[in-house]
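*Asks:* After the structure tokens below, expect a handful of questions from me.
The values are calculated or read from the model by the stated rules, or taken from the named source; none is laboratory data. Being a predicted model, the structure only gives us computed values, none of them experimental. No Cβ is skipped: glycine too gets one built from the backbone with ideal geometry, and neighbour counts run over all protein chains shown. Heads up: the accessible areas ignore ligands, DNA and RNA and are worked out on the full protein's heavy atoms, side chains in. Shrake-Rupley method; radii C 1.70, N 1.55, O 1.52, S 1.80 Å.
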Amino acid sequence: GTVEVQIFNGDVVQELTNAEGISFPKDGLQLSFAVGSYRVNFLRVMAVFWVKLAFLAMVGVALGTFLSFPVATLVALTVFFAAEGAGFLTAALENFWTEDAQGQTMYFNTVVAWVAEWIAWAFRTYSDLRPTERLVEGKLLPWSEVAYGTLVLGIWTIILYVGGVLVFARRELAIYSGHS
């Protein structure tokens, strides 16, 4: 149950040392091991893709009930890019300055940071699933994360559906009577 690791900065066999330094990632080293089959992990990844697709489709349908087609498409694409980029946005905010070198608040940057934090928070569940990355790197996508992501995105999909139905039910549609 214990793993011992020795790290050498150089060639151990020829006893050559490396004069350059080595560095490790902030989150440390990882040890990977097999926990299941590729097929089952692939099934979970595909399930997550379907849930994400259902959410994005419902965004488009709900927006299409009260917006014109081009505007609904533009907003749906914006939601897609915001949701997919939320993880990157969270990482980028760690290096985004809201104060200058003298400690003065940069108001525009503060507003940008506030909006970006809100967007990253709103789409955190969507972006945390990362099914493609996990499948390509051979990492496990556990059923617990699939269930949580399905629950959250499913609830939002239902909310969007109900909202779209309510808006569409109150729309006055032009009906062609057949008479000119």
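*Asks:* Where does the charge balance sit around Ala86 when Lys and Arg score +1, Asp and Glu -1, over other residues with C-beta under 12 Å from its C-beta?
*Replies:* -1
*Asks:* Using a 1.4 Å probe, how large is the accessible area of Ile175, given in Å² and rounded to the nearest 10?
*Replies:* The accessible area of Ile175 comes to roughly 150 Å².
*Asks:* Based on the Cβ-Cβ distance of Leu31 and Leu93, what FRET efficiency does E = 1/(1 + (r/R0)^6) give at R0 = 45 Å, to the nearest 0.05?
*Replies:* 0.95
*Asks:* Still on this structure, please answer the following. Can you put Lys139, Lys26, Lys52 in order of accessible area, largest first, using a 1.4 Å probe?
*Replies:* Descending accessible area places them as Lys26, Lys139, Lys52.
*Asks:* Take Val3 and Glu172, extend 7 Å from each Cα along the Cα→Cβ direction, and tell me the distance between the two endpoints in nm.
*Replies:* Here the modelled spin labels are 6.8 nm apart.
*Asks:* If R0 is 35 Å, what FRET efficiency do you get for Glu20 and Val75 from their C-beta distance, rounded to 0.05?
*Replies:* Rounded to the nearest 0.05, the efficiency is 0.10.
*Asks:* Now, a different point. For the residue pair Ala57 and Val136, what label-to-label distance in nm results when each label sits 7 Å from Cα along the Cα-to-beta-carbon direction?
*Replies:* With each label point 7 Å from Cα toward Cβ, the separation is 2.5 nm.
*Asks:* Express the carbon and sulfur contribution to the solvent-accessible surface of segment 1-104 as a percent, rounded to the nearest whole number, probe 1.4 angstrom.
*Replies:* The C+S portion of the solvent-accessible surface of segment 1-104 is 63 percent.
*Asks:* A follow-up question, please. What's the extension gain from Trp143 to Asn109 if we count 0.36 nm per residue and subtract their Cα-Cα distance?
*Replies:* Extending this stretch completely gives an extra 8.3 nm.
*Asks:* Could you tell me which label, among (1) 10.8; (2) 20.1; (3) 9.8, carries the value of mean projected area of the Cα convex hull in nm² calculated for this structure?
*Replies:* Matching entry in (1) 10.8; (2) 20.1; (3) 9.8: (2).
*Asks:* Can you work out ³J(HN,Hα) from phi for every residue in segment 127-133, in order, using Karplus 6.51 cos²θ - 1.76 cosθ + 1.60 and θ = phi - 60°, giving whole Hz and x for Gly and Pro?
*Replies:* With coefficients 6.51, -1.76 and 1.60, one gets 7, 5, 5, 6, x, 5, 4 Hz.
*Asks:* A follow-up question, please. Quick check: with the 1.4 Å probe, what order do Trp50, Trp143 take by accessible area, largest first?
*Replies:* Trp50, Trp143
*Asks:* Ok, one more. Assuming R0 = 22 Å, can you tell me the calculated FRET efficiency for the pair Ile158 and Trp50, based on Cβ-Cβ distance, to the nearest 0.05?
*Replies:* Efficiency, rounded to the nearest 0.05: 0.90.
*Asks:* Moving on. Give, as ranges by residue number, the residues of segment 108-141 whose backbone N falls under 18 Å from the point 7 Å along Cα→Cβ of Leu43.
*Replies:* Within reach of a label on Leu43, which here means backbone N under 18 Å from a point 7 Å along Cα→Cβ, segment 108-141 contributes 135, 139-141.
*Asks:* Here is a follow-up. Mind checking the per residue accessible area of the chain for me, 1.4 Å probe, whole number of Å²?
*Replies:* It amounts to 78 Å² per residue over the chain.
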